[in-house]
Amino acid sequence: MRGSDSTPNATTPSGAHRIRRIVSLAGITALAACALATIPVGTPQASASQDVRGGTGRDSTFGSTVGGALTPQVPPTADRYWIAAADGGVFAFGGAQYFGSMAGQHLNSPVVGLAVDGPGFLAPSSLATRAPAAGRGYWEVAGDGGIFAFGAAPFLGSMGGRHLNAPVVGMTVDPERGGYYEVAADGGVFAFGGASFLGSMAGQALAAPIVSITATPDGGGYWLVGADGGVFAYGDATFLGSLAGTGGTTVGLAAQGDGGYWLAKVNGHVHNYGTAGDEGSLPATPDAPVVGITSTGGQGYWLTSTDGGVFAFGGAGYSGGLAGRSLNAPVVGISALQLIA
């Protein structure tokens, strides 16, 4: 098996300045967990069980942070998001629920990403009514491909314990078919559950390592993004432009429906393509590098930085962040439940 390009269960290559609300950047010095760093490949993590529950006092649900004070809130869905740290810690904000984390447990490889379940995933207790379990669970993915499932999110398999030609750097959910994908730094894509393997960049020359994967909202395709801003589209994902050749480091892509996307750079600059509107960027380089972007599914998105700062743009509501708080490990990503009309 080639390890970096297959479907174990079963990838055509292809700004702005307005902030709604923003958490203070002043705070801890970033312990940069760069998505480009080489992460040792390990063995399966805690057998990647279906519902691994750990958690320490540093994992909980926060309200919005204003001047360091926590104010409980129960905001609408566009104000709900989760962020994950390299040690497996998960932090839920707004109306987002906390279901557990890998914080305090042994990891063979650091956590590199987080994904929230979508409308295609159902909780066992809701099967009779077919009520969606959207937002009632999430997964963490580690650099060795291990997957950890929490809440109603089902464990559907992982690359933990299998040979990888390059470390896994992220994951995304197929919101319609009940599955998820992992992506490696060499562009290899791995599909699990109902997710379909549609191609990858494994084995092809890359100008820079792949840093993220994002599925289309209808689940019929996905985009891969390189650290140089290159974008590679598969399935029904449309190539609408890229940042290749512009300099700087790109950290991720957030989809706006099926007709647009945003690309975010490590300095907080965001570039829009297709139907994605120009909703803003950070006006200055943040104290800690930006490591992730996620969208509401409509005209709004959040950025997060390694110190846990959260920045909301457009229709995305701000419900708090971790900047200024003591963290055991740097933040590596942010995820939110996308609502598509």
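The values are calculated or read from the model by the stated rules, or taken from the named source; none is laboratory data. Here the structure is a predicted model, which is why all the values come from computation and not from measurement. Counting neighbours? That spans all protein chains shown, and the Cβs are built from the backbone with ideal geometry, glycine included.
Among the residues that make up segment 320-331, is at least one of them aliphatic (A, V, I, L, M), within 15 Å of the chain's Cα centre (by Cα) and under 19 Å from D87 (Cα atoms)? Among the residues of segment 320-331, at least one is aliphatic (A, V, I, L, M), within 15 Å of the chain's Cα centre (by Cα) and under 19 Å from D87 (Cα atoms), which makes the answer yes. The combined condition, being at pLDDT 95 or above, within 29 Å of G194 (Cα to Cα) and surrounded by 15 or more Cβ atoms within 10 Å (Cβ to Cβ), is fulfilled by G113. Screening the candidates G292, G298, G274 for the property of being crowded, with 24+ Cβ neighbours inside 10 Å and under 22 Å from I213 (Cβ atoms) yields one hit, G292.
Filtering segment 217-248 to residues that are among the hydroxyl-bearing types (S, T, Y) and out of contact with any strand residue (DSSP E or B) (no Cβ under 6 Å at 6 or more places or on another chain) leaves T238, T246.
Among the residues making up segment 170-205, a single one is of a type in the set (S, T, Y), buried (at least 24 other Cβ atoms within 10 Å of the Cβ) and part of a loop (DSSP other than H, G, I, E, B): S200.
Among the numbered conditions (1) surrounded by 23 or more Cβ atoms within 10 Å (Cβ to Cβ); (2) of a type in the set (S, T, N, Q); (3) farther than 25 Å from A85 by Cβ, the only one that S281 does not meet is (3). If the condition is being in a loop (DSSP other than H, G, I, E, B) and within 17 Å of G298 (Cβ to Cβ), then segment 241-260 contributes G257, D258, G259. The residue of segment 206-235 that is surrounded by the most Cβ atoms within 10 Å (Cβ to Cβ), among those that are outside any strand (DSSP E or B) and modelled with pLDDT of 95 or more, is G229. The requirement of being farther than 14 Å from V141 by Cα, out of contact with any strand residue (DSSP E or B) (no Cβ under 9 Å at 6 or more places or on another chain) and either at pLDDT 95 or above or not small (G, A, S) (or both) is not satisfied by A166.
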